[in-house]
Amino acid sequence: MVDDDAARDRPETTDTPAPVISVSGTPAECGAGYGVAAAGLVADNLERYLRRFRDEAGLSRAAVRIAGSTFRSASHAAHPRVAEMLDGLAEGAGVAVDEIYALNARTELLYGARPDGADGGCTAAGVLGTRTRDGHLLLGQNWDWHPDQRDTMVLLRTVDEHGAVVLTLAEAGMLAKTGLNSAGLGVCVNMLGSDRDGLAAGRAPGVPYHVLLRAVLEAGSLGQASRVACRTTRNASINLLLGQAGPYGGELLDLEVVPGDVGWLHPTDGILTHANHLESALSVRDTMKNFGGSSLFRAARARRLLVDRADRAPVDLADLADVFHDHLGLPLAICRHLDERDAPVDQGETVFSVLLDLDSRRLGLAAGPPCRHEYQWFELTDVTG
């Protein structure tokens, strides 16, 4: 549960929001252990995406494997430790390794083919410790996606051979989404769209969206994370809201990473928010402009809600949770609900909501829409499957 008075009147759920998988060892050993533990979920998730690749992008299974092989080569060249983990995952789960890489490239394969097919989702927010009640750096987001994916999620904890710990929400068969690590680094993610996205002819194949995300999450510092994000060749646009705990309230940095370029944003008055459109002055076309949607106001509203609270009293976890429960513009609100008027392929809602207390090294997870569920807390150093 959120430890603050403002959240006590919400319904509480006692079931774990997602299966917890905890593995340790070398990257290959962590991947294999994860694959064995989640074999059924990985196979199920893979089959769901194979159908989406066929129906939405016109990709046969053979074409998916060819693309996956290309992404595998790029991943091994850029981030060999992450690639070793994915190879081990495929072996442990008993699925084709090229299909695992295609799964981790689902953004490139789905939205490279139809970049205007959906209005994105996800609202992320961070508050420096200088504006919080206990001085802790707080980070969090609502993850908006197709509701069918809710039951193929895991909470993955890895401890590598050097003792570095990562705790992250992930789609089964992937290695990261929103999460934090033992260095006090946290990552939230938003989908972006630009006119450079996709596997265009003559463009070098890049690292899949979710491989890049895992590599960032394994960084030991905010500066190292920004190096990973900026230096990795990529074919899809991604927004990374990064935070690291430390003296004077820690630090926040937002990176808008598009193929061939990066923009960045800093907190204003200790607060930083982001949704699904570009806010820095990048010289690319923001394809999210093509269809409007709630991204045009969600980040601004989240910031205004947090500033209003911070101006009255220091912010706490309940305040951040309340922002992620906001219903202005329902169903396309910060707390997104299913809109039956959308085509089935474009339907989405807040599937999970995540809160990160980076100083305490803990993660709060609520099934979505989060207005209907309480956050269950997981300590980085004490998570068991």
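The values are calculated or read from the model by the stated rules, or taken from the named source; none is laboratory data. Worth saying up front: this structure is predicted, and the values here are computed from it rather than measured. Note that each Cβ is placed from the backbone with ideal geometry, even for glycine, and that neighbours are counted across all protein chains shown.
Within segment 242-255, identify whether any single residue is on the phi > 0 side of the Ramachandran plot, in contact with a helix residue (DSSP H, G or I) (Cβ under 9 Å, 6 or more places away or on another chain) and buried (at least 22 other Cβ atoms within 10 Å of the Cβ), and answer yes or no.
Yes, that holds for at least one residue.
Does segment 106-134 hold any residues that are modelled with pLDDT of 95 or more and under 15 Å from the mean Cα position of the chain (by Cα), and which are they?
Within segment 106-134, Thr123, Ala124, Ala125, Gly126 qualify.
Looking at this structure, is Asp286 closer than 18 Å to Pro370 by Cβ and surrounded by fewer than 20 Cβ atoms within 10 Å (Cβ to Cβ)?
For Asp286, the condition - closer than 18 Å to Pro370 by Cβ and surrounded by fewer than 20 Cβ atoms within 10 Å (Cβ to Cβ) - is not met.
Output the residues belonging to segment 324-363 that are over 18 Å from Ala18 (Cβ atoms), of a type in the set (S, T, N, Q) and part of a strand (DSSP E or B).
If the condition is that a residue be over 18 Å from Ala18 (Cβ atoms), of a type in the set (S, T, N, Q) and part of a strand (DSSP E or B), then no residue fits.
Check whether at least one residue in segment 25-44 is in contact with a strand residue (DSSP E or B) (Cβ under 9 Å, 6 or more places away or on another chain), of a type in the set (D, E, K, R), at pLDDT 95 or above and farther than 30 Å from Asp134 by Cα, and report yes or no.
Yes.
With over 22 Å from the mean Cα position of the chain (by Cα) and either surrounded by 16 or more Cβ atoms within 10 Å (Cβ to Cβ) or assigned by TED's automatic domain parsing to the domain that holds Pro147 (or both) as the only criterion, which of Ala63, Ala67, Ala83, Ala78 stands out?
Values: Ala63 fails: either surrounded by 16 or more Cβ atoms within 10 Å (Cβ to Cβ) or assigned by TED's automatic domain parsing to the domain that holds Pro147 (or both); Ala83 fails: over 22 Å from the mean Cα position of the chain (by Cα); Ala78 fails: over 22 Å from the mean Cα position of the chain (by Cα).
After ruling out the rest, the residue left standing is Ala67.
Can you confirm whether segment 327-344 contains a residue that is in the same structural domain as Leu222 (by TED's automatic domain parsing), at positive phi and at pLDDT 95 or above? First the steps, then the outcome.
At the first step, the residues of segment 327-344 found to be in the same structural domain as Leu222 (by TED's automatic domain parsing) are 327-344.
Okay, now just the ones that are also at positive phi, so 329.
Cutting the leftovers down to at pLDDT 95 or above gives us none.
No, segment 327-344 contains no residue that is in the same structural domain as Leu222 (by TED's automatic domain parsing), at positive phi and at pLDDT 95 or above.
Please state which one of Ala310, Ala366 is touching a Phe, Trp or Tyr at 6+ places or on another chain (Cβ under 8 Å), in contact (Cβ under 8 Å) with a residue 60 or more places away in the chain and not in a loop (DSSP other than H, G, I, E, B). Walk me through how you get there before you give the answer.
On the way: Ala310 fails: touching a Phe, Trp or Tyr at 6+ places or on another chain (Cβ under 8 Å).
On inspection, the qualifying residue turns out to be Ala366.
Does Leu380 fit the bill of being surrounded by 15 or more Cβ atoms within 10 Å (Cβ to Cβ), without any contact (Cβ under 8 Å) to a residue 24 or more places away in the chain and more than 19 Å from Leu128 (Cβ to Cβ)?
no
To keep it simple, each residue is scored yes or no on (1) touching a strand residue (DSSP E or B) at 6+ places or on another chain (Cβ under 7 Å); (2) in the same structural domain as Val354 (by TED's automatic domain parsing); (3) surrounded by 19 or more Cβ atoms within 10 Å (Cβ to Cβ); (4) farther than 23 Å from Glu171 by Cα.
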| site | (1), (2), (3), (4) |
| --- | --- |
| His210 | yes, yes, yes, no |
| Leu213 | yes, yes, yes, no |
| Leu217 | yes, yes, yes, no |
| Ser237 | yes, yes, yes, no |
| Leu272 | yes, yes, yes, yes |
| Asn290 | no, yes, no, yes |
| Arg309 | yes, yes, yes, yes |
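If a residue has to be among the acidic types (Asp, Glu) and either in contact (Cβ under 8 Å) with a residue 60 or more places away in the chain or in contact with a Leu (Cβ under 8 Å, 6 or more places away or on another chain) (or both) to count, how many in segment 66-90 make the cut?
Summing the residues that are among the acidic types (Asp, Glu) and either in contact (Cβ under 8 Å) with a residue 60 or more places away in the chain or in contact with a Leu (Cβ under 8 Å, 6 or more places away or on another chain) (or both) in segment 66-90 gives 0.
Are any residues in segment 177-191 farther than 16 Å from Gly126 by Cα, modelled with pLDDT of 95 or more and among the aliphatic types (A, V, I, L, M), and if so, which ones?
Matches in segment 177-191: Ala183 only.
Among the residues of segment 205-220, which ones are farther than 20 Å from Ala124 by Cβ and without any contact (Cβ under 8 Å) to a residue 60 or more places away in the chain?
The answer is Gly220, and nothing else.
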